[in-house]
Amino acid sequence: MDTTEVQAMDCLHFINGQFVSSQSGRIFQNINPATEEVIVTVPEGGNQEVEYAVAAAQRALSGSWSKKTLQERSYILRRIGDLILARKDELALLESLDTGKPLSLAKAIDIPRAAYNFHFYADYMIGLANEAYQQDDVAFHYSHRRPVGVVGIIKPWNLPLLLLTWKLAPCLAMGNTAVIKPSEWTPMTATVLMEICKEAGVPDGVVNLVHGFGPDSVGEAISKHPNVNAISFIGEPKTGSAIMKSAADSLKKLSFELGGKNPNIIFADADLDEVIETTIKSSFINQGEVCLCGSRIYVERPIFDQFLTKFINATNELKVGDPIKEETDIGALISKEHYENVNNYLGIARQDGGMILTGGKRPENLEKGYFLEPTIITGLERTSKCVREEIFGPVVMVTPFDMEEEVIMQANDTHYGLSATIWTSDVKRAHRVAQSIQAGVIWVNTWFLRDLRTPFGGMKQSGIGRTGGNHSLDFFSEVSNITIKL
């Protein structure tokens, strides 16, 4: 599939097994952030499309989908994963064009992980056990799971297919139906996923997709709808707060994965070469547009200068440019709006006395596209907005520290609590510091290493609830306790 074929792609709503346009006739443009050109036009949905989608999802709950056995649902999930892999090159290209990320990254991580999400839950759901207890000779108690119902899945733009499948797979595993709103900035792979679901044998109405925006649009309509039983959202805290308010009247179940301002703590006894190799990734992968990126780097003072030298040199070797080219490491930021927002933070850093050691500007050889060189800043106080707020771009702050207690305090001095990384060869220190950091996911001497059975989620304003393994299946199901008197 080449870029000319993308021009003819239909990004339509998918409701009750059919691709349809909006009743209003309104459309919006999908922009390639690397070229600033229109890729496709997309129909803008609203209350009416959400009503149709929710009604279809409700009907499907009591239709053939509810009659399928656990093995039959597992087979369908595995088939979806297989079809994603069969269309890997096409999906990777669409993801790169939509987001501005390097095509090589989409091929290596986004699409394989999207397929694995379905393969994982296809296997995992089969081994799910319920609780059972015998109370002496009085009674027998056991738990029974049922679908939570119609689930609204509102997904972000940074890892569009990966994060959509991370939610949709366990949602379907538990027998639910879904109404999905992709980000208005990244509609394409979600649309293709609907084709894949239909081909894999998902009955009509089980998965529905409505394109549009958030406030006063599709996102708000899904959040408010009285017949949507749960909302799974990944995005920023401000939007999460708005969804919570919209969902309050109907007391929906909520699962939020929100932002992060994650500390990367490097002690002097760490393997510095390994630290540099991984920190380059944890700082700048996907243009820094990953909620798990370690944007606050704390380095123990004895190795601070050595770390900076090596880190700057490695950063300067990264190639910024055309996401389609194999040699590209850093692509374009998602949109003009986001590009300007990240640059505003660089202005704040300068005003606050920060020193930009490298980066901080558009590459001179690129005239179009929302490109920014990977940026390293030092000299900022912890009160600076650049240190406290999520920038979500290829920008990191590096700060020296002297004492363990000091760096723990600085790491926890944020209203976020998503992840943290700790580098040390001292096992006791590793456990001690890890258990002192207020974050839901903590890596020691590694980063972004995931086992999908383990809990994932954030503390404070980084989220509500946990996903992964049983945690995801618990959210996407309701559990009844049944007592039989003996």
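General remarks:
- Pair list, Cβ < 8 Å and 6+ apart or interchain, from the range 353-367 residues that are free of Cβ contacts under 8 Å to residues at least 60 places away in the same chain to residues that are assigned to a strand (DSSP E or B) and among the polar types (S, T, N, Q): 354/378; 355/378; 356/375; 357/378; 358/375; 359/375; 360/375
- Taking the numbered list (1) open to solvent by 10 Å² or more (accessible area, probe 1.4 Å); (2) within 30 Å of residue 336 (Cβ to Cβ) in turn, residue 40 passes all entries but (1).
- Residue that is farthest from the chain's Cα centre (by Cα) [pool: residues in the range 380-390 that are in contact (Cβ under 8 Å) with a residue 24 or more places away in the chain and open to solvent by 50 Å² or more (accessible area, probe 1.4 Å)]: 381
- Unmet requirement for residue 178, which otherwise passes all of (1) outside any strand (DSSP E or B); (2) aliphatic (A, V, I, L, M); (3) under 21 Å from residue 257 (Cβ atoms): (1)
- Of residues in the range 69-107 being within 26 Å of residue 318 (Cα to Cα) and open to solvent by 70 Å² or more (accessible area, probe 1.4 Å), the one farthest from the chain's Cα centre (by Cα): 89
- Among residues of the range 313-338 that are closer than 15 Å to residue 362 by Cβ and open to solvent by 70 Å² or more (accessible area, probe 1.4 Å), those with a Cβ under 7 angstrom from a residue that is of a type in the set (Asp, Glu) and modelled with pLDDT of 95 or more, sequence gap 6+ or separate chain, pair up as 319/327; 319/329.
Residue-wise test of (1) at pLDDT below 95; (2) touching a Lys or Arg at 6+ places or on another chain (Cβ under 7 Å); (3) open to solvent by 10 Å² or more (accessible area, probe 1.4 Å).
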residue: 169; (1), (2), (3): no, no, no
residue: 173; (1), (2), (3): no, yes, no
residue: 184; (1), (2), (3): no, no, yes
residue: 191; (1), (2), (3): no, no, no
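- Cβ-Cβ contacts under 8 Å between residues 6 or more apart (or on different chains), taken from a first residue in the range 246-267 that is over 22 Å from residue 418 (Cβ atoms) to a second residue that is polar (S, T, N, Q) and open to solvent by 10 Å² or more (accessible area, probe 1.4 Å), are listed as 252/229.
- Some residue of the range 352-371 being part of a strand (DSSP E or B), open to solvent by less than 10 Å² (accessible area, probe 1.4 Å) and aliphatic (A, V, I, L, M): no
- Only a single criterion out of (1) among the charged types (D, E, K, R); (2) without any contact (Cβ under 8 Å) to a residue 60 or more places away in the chain; (3) farther than 17 Å from residue 280 by Cα; (4) touching a Gly at 6+ places or on another chain (Cβ under 9 Å) is not satisfied by residue 373, namely (3).
- One residue alone among 428, 460 is at pLDDT 95 or above and in contact with a His (Cβ under 6 Å, 6 or more places away or on another chain), and that residue is 460.
- Candidates 26, 73, filtered to the one that is modelled with pLDDT of 95 or more, over 23 Å from residue 226 (Cβ atoms) and basic (Lys, Arg): 73
- Restricting the range 1-18 to residues that are surrounded by 16 or more Cβ atoms within 10 Å (Cβ to Cβ) and out of contact with any Phe, Trp or Tyr (no Cβ under 6 Å at 6 or more places or on another chain), the residue that is modelled with the lowest pLDDT: 6
- Selection from the range 339-348 of residues that are under 21 Å from the mean Cα position of the chain (by Cα) and open to solvent by 20 Å² or more (accessible area, probe 1.4 Å): 339, 341
- For the range 391-486, the helices (runs of 4 or more DSSP H) that sit wholly inside it and include 2 or more residues that are in contact with a helix residue (DSSP H, G or I) (Cβ under 9 Å, 6 or more places away or on another chain), in contact (Cβ under 8 Å) with a residue 40 or more places away in the chain and open to solvent by less than 10 Å² (accessible area, probe 1.4 Å) are 404-412, 469-475.
- Note on the range 436-457: residues that are closer than 13 Å to residue 257 by Cα and touching a Gly at 6+ places or on another chain (Cβ under 7 Å) total 5.
- As a summary of the residue check, residue 304 satisfies the conditions (1) within 24 Å of the chain's Cα centre (by Cα); (2) within 26 Å of residue 443 (Cα to Cα) except for the one numbered (1).
- Top-ranked residue of the range 127-159 - restricted to ones that are of a type in the set (A, V, I, L, M), modelled with pLDDT of 95 or more and in a loop (DSSP other than H, G, I, E, B), ranked as surrounded by the most Cβ atoms within 10 Å (Cβ to Cβ): 159
The values are calculated or read from the model by the stated rules, or taken from the named source; none is laboratory data. Everything quoted here is computed from the prediction, not taken from an experiment. Neighbour counts are summed over all protein chains in view; Cβ atoms, including those assigned to glycine, are modelled from backbone coordinates with ideal geometry. Side chains are part of the model used for accessible areas, which takes the heavy atoms of the whole protein and leaves out ligands, DNA and RNA. Shrake-Rupley method; radii C 1.70, N 1.55, O 1.52, S 1.80 Å.
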